[in-house]
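Report on the following structure.
The values are calculated or read from the model by the stated rules, or taken from the named source; none is laboratory data. These numbers were taken from a predicted model, which means no experiment stands behind them. Cβ placement follows ideal geometry from the backbone for every residue including glycine, while neighbour counts extend to all protein chains displayed. Accessible surface is based on the protein model in full, side chains and every heavy atom, while ligands, DNA and RNA are left aside. Shrake-Rupley method; radii C 1.70, N 1.55, O 1.52, S 1.80 Å.
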Protein chains: 4
Amino acid sequence: MDFQSEMYVELVRHSASDFDVAAAARVSTIGANGLDLNLPTEGLINFLMRDRHGSPFEHTSFTFYVEAPIFVAREFFRHRAGWSYNEESGRYKELAPVFYVPADGRPLRQVGKPGAYQYKLGTYKQAMVVSGDIRRISTEAYETYKRLLDLDVAREVARMVLPVNIYTSFYATCNARSLMHFLSLRTKRDNAAFPSFPQKEIEMVADQMENELKETMPQTYAAFDKHGRVAP
Amino acid sequence: MDFQSEMYVELVRHSASDFDVAAAARVSTIGANGLDLNLPTEGLINFLMRDRHGSPFEHTSFTFYVEAPIFVAREFFRHRAGWSYNEESGRYKELAPVFYVPADGRPLRQVGKPGAYQYKLGTYKQAMVVSGDIRRISTEAYETYKRLLDLDVAREVARMVLPVNIYTSFYATCNARSLMHFLSLRTKRDNAAFPSFPQKEIEMVADQMENELKETMPQTYAAFDKHGRVAP
Amino acid sequence: MDFQSEMYVELVRHSASDFDVAAAARVSTIGANGLDLNLPTEGLINFLMRDRHGSPFEHTSFTFYVEAPIFVAREFFRHRAGWSYNEESGRYKELAPVFYVPADGRPLRQVGKPGAYQYKLGTYKQAMVVSGDIRRISTEAYETYKRLLDLDVAREVARMVLPVNIYTSFYATCNARSLMHFLSLRTKRDNAAFPSFPQKEIEMVADQMENELKETMPQTYAAFDKHGRVAP
Amino acid sequence: MDFQSEMYVELVRHSASDFDVAAAARVSTIGANGLDLNLPTEGLINFLMRDRHGSPFEHTSFTFYVEAPIFVAREFFRHRAGWSYNEESGRYKELAPVFYVPADGRPLRQVGKPGAYQYKLGTYKQAMVVSGDIRRISTEAYETYKRLLDLDVAREVARMVLPVNIYTSFYATCNARSLMHFLSLRTKRDNAAFPSFPQKEIEMVADQMENELKETMPQTYAAFDKHGRVAP
């Protein structure tokens, strides 16, 4: 049994740059013929972000490989527009015994009402029980899963006993616009125009994706962060 | 603890008829002004389906309310184009102790390779172990979930121990074209042009949705079934 | 030859109400079983709009029939997410001689730069020339079109001479979320959070669609208008 | 005045290979960890295409720059799912005097009924009149356009007189799945499973895009062409 507290995110492949955004935007006002490749892009990208002209950001592509628990994948896959997915299948392969358990310091209590939760650290007792119970149930469930497989029960039936903290893996492909929309909902930042209350575990995925955006499209990222973190 | 072996599907609301399809198609050749409301629709719908003119089928809307286990919801939500969802949240509400357990007669073995599985009934022993293990793990997991909640652990943390056979509920809205695409992948029929190997449990959902399509749009349904069950 | 200065918009069919939005949102926190049908909806809809929870607005459907010039249809069809279209075809039917000409009072001059145009009324001379030239070119083009058809030239070839102010007609189906996104870009209002600079003619279409939203979903519309006219 | 009979298509940028498809598909059965990079891909891609497993083809990206007449762009932009666009704007820039005129040999007559047209070469007289009329109307319209601009009429008003054979330019970004769907409808081939009746001019665009798919993803292309040219 393998218990992990991290999310794995890898940018497998991308075709995305600030220049691509500016070139797509300029086709509407200048045309592509005779486009001066040395024109500055930063001001234009800021303007597009501020006034919410989103389509120029779509001519880009990011493919991520992600390993995360099922309860995170379930939130992730709710993002439909501009996203493509392929995921590990519990029908087609035997799932590995890798389960998520919260790290020390993961807030365990929430106060307030849905949509406006505040999070508090757990007590020592809470931390012990959470960690112990998750490990115990995960282990029992996986042993049961293996026993059913050994009895030649179909994988798609045996997996019904597995808890939602088991890790799954998937490819996710998006463009810069759909990525920013994801980040606007799955990260929590003080400078955001709209409140968002992501669960900690999907935020751990989103933070890594945000770093990749920042590195590949620094001007786009800076404009996104400056203008309220709202996808254009 | 409540163990169920059925899926619940209710057509909450719809705006969909064969006439709508024909009217949308005829705008391209006749126009809408002076459209004769008594023109026959069956031949036109057959032609559209056969030659895969899909867009006229999109001017329709179905809203379903579904109760199904998480592992079914996960397959369901992979359908993105033309679908909208709202689902019960394990972060915002306490989940009820309702779990799926296969009914007698649900094949428990699969032979062959991924993408071409064949299913066989289980042995008596397999049936006993599957039923017993699923009930046992579900019960232990739910008791643990409740204990964590009683300890004031956040719902979003406590739910990590719950298995994927716990029931969830959601609204799903689609149009006739996206519905037929769903049916082409999530039902298994001898008269289909392309093989599909849906898991039994999502097929139980799809079969009920197919009945609703048949009732609300009989000509569309007949054409779909006749022309290989491929969405146009 | 028929010259018109109006857009025709008809809400052909819809399945949309404020109650639908609230019911879809409440499945996440309350569930659908035992949902009290008399719960108030206005506060919830305001909260969803303000904090940009968009998905509950998608379980609704509007089908519009529109008659507008080609240059308007071209802008309209750029809206892809959540929209379906069927349009009159210049390949399949003979187009009728109906052309758009600006009404008196349509601003004819623009000053400033792209993305921030300001509009001014035209001079008397400008108004005369615009009206005269549009009528003259439309008439010549249509006569040429007819002559080519009389010579048994294919419709799809003959139509190449027709100007973009000729009327076309189409069905457009959307949900309340995609409709609000359209309105946020295709209307110009002082209370909007983001500037938009729609061309007058598509705004004439959007204004009529806005009235239909207001009538069918008054609470949703009020919240949209109150919270900066940004689609959630 | 510039009259052209060609379409311009350039693959500006892409991130797409047969390997990407196979890797995305294998995450479901093998997982990505320990994926043998030397596994063959051709058989798997053939299987995916034949049985219509479409999602693995979506983790790819193609950005095309296209110059084509407005009547072609209008058909092109009807493709919504998996497509992103940015187009030259007649509101924001002065359009150049470049117009489409059919080349010698472009069939000018069609017989049969909509959806099943057959095309015939034109007579000498038809060819003369078509060519002459298109040049004449295009020239008159453009001169009128320029005159209106010289009178300080807004570009968005002046352009109303321009015919649909004037060239526009745009960026179009898609993935391999949406590209194949486009090709299935916008090319005409004897080995296709479903009939399609594209207008010649959009087929000229599609043929160039097909060459790019063939070059960048030869196994995917071969499988598409072999299995009835239906997008999976």
Requested in this report: Net charge near A:Leu183: determine it from the other residues with C-beta under 13 Å of the C-beta of A:Leu183, scoring Lys and Arg +1 and Asp and Glu -1.
Outcome: +1
Query raised in the report: Across the stretch A:91-100, in residue order, what do the Karplus-derived ³J(HN,Hα) couplings come to in whole Hz, using 6.51 cos²θ - 1.76 cosθ + 1.60 with θ = phi - 60° and x for Gly and Pro?
Result: 7, 9, 9, 6, 7, 7, x, 10, 10, 8
**Report entry** Label-point separation, C:Leu35 to C:Ala116 (7 Å along Cα→Cβ), nm
**Finding:** 4.6
Requested in this report: Report B:Glu215's accessible area, 1.4 Å probe, all protein chains in place, as a number in Å² to the nearest 10.
Outcome: 150
Report task. For the protein assembly as shown, with all protein chains present and a 1.4 Å probe, just round the carbon and sulfur fraction of the accessible area to a whole percent. Result -> 50
Report summary line: From the Cα centre of the stretch C:116-134 to that of the stretch A:1-49, the distance in Å is 39
**Report entry** Axis-nearest residue of A (beta carbon) for the A-onto-C rotation, whole Å
**Finding:** A:Ala81, 3
Query - B:Asp150/C:Ala103 FRET efficiency (R0 51 Å; Cβ-Cβ; nearest 0.05) - result: 0.15
Report task. Along each of the three principal axes of the Cα atoms of the stretch C:158-212, give the extent in whole Å, ordering the values from largest to smallest. Result -> 45, 23, 15
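Write down, largest first, the equivalent ellipsoid semi-axes of chain A in whole Å, where each equals the square root of 5 times an eigenvalue of the alpha-carbon gyration tensor.
Working: eigenvalues 320, 99, 30 Å².
Three semi-axes, in Å: 40, 22, 12.
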Report summary line: One quarter of the C-alpha convex hull surface, i.e. the mean projected area of the stretch B:71-135 in nm², amounts to 6.8
Requested in this report: Between the label point of A:Glu215 and that of the same position in each other copy, find the distances and list them shortest first in nm, with every label point placed 7 Å from Cα along the Cα-to-C-beta direction.
Outcome: 3.1, 5.5, 5.5
Query raised in the report: How large is log10 I(q)/I(0) at q = 0.18 Å⁻¹ when the Debye formula is applied to the Cα atoms of the stretch D:135-232, each weighted equally and without solvent?
Result: -0.81
Query raised in the report: Which parts of the stretch D:100-121 would a label at D:Ser5 reach, counting a residue when its backbone N lies under 12 Å from a point 7 Å out along Cα-to-Cβ?
Result: D:101-108
Report summary line: Residues whose built amide H sits under 5 Å from the amide H of B:Gln4, excluding neighbours closer than 5 in sequence, are B:Phe99, B:Tyr100, B:Val101
Query raised in the report: Given label points at 7 Å from Cα along Cα→Cβ, what nm distances, shortest first, separate C:Gln4 from the same residue in every other copy?
Result: 3.5, 5.1, 6.1
**Report entry** Mean accessible surface per residue for the stretch C:60-208, computed with a 1.4 Å probe while every protein chain stays in place, in Å²
**Finding:** 34
Requested in this report: Would you mind pulling out the separation of the Cα centroids of the stretch C:196-215 and the stretch C:56-70, in Å?
Outcome: 12
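Starting from the Kirkwood Rh over alpha-carbon pairs, what translational D in µm² s⁻¹ does the stretch B:18-135 have by Stokes-Einstein at 25 °C and 0.890 mPa s?
126
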Query raised in the report: If you average 1/r over all unlike Cα pairs in the stretch A:32-88 and invert the result, what Kirkwood radius do you get in angstrom?
Result: 14.9
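Once the convex hull of the C-alpha atoms of the stretch A:180-227 is built, how many Å³ does it hold per residue, rounded to a whole number?
In the stretch A:180-227, the Cα hull volume divided by residue count equals 62 Å³.
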Report summary line: Note: the stretch C:82-174, point scatterers on Cα, Debye, no solvent; log10 I/I(0) at q = 0.25 Å⁻¹ equals -1.14
**Report entry** Three-way shape label, the stretch A:55-96, alpha-carbon gyration tensor, a/c 1.5
**Finding:** prolate
Query raised in the report: Given the stretch B:1-105, what percent of its DSSP beta bridges are antiparallel, to the nearest 5?
Result: 70
Query raised in the report: Any idea what the alpha-carbon Rg over 2.2 N^0.38 Å comes to for the protein assembly as shown?
Result: 0.97
Query - Cβ-vector label at 7 Å, A:Arg135, separations to other copies in nm - result: 3.1, 8.6, 8.8
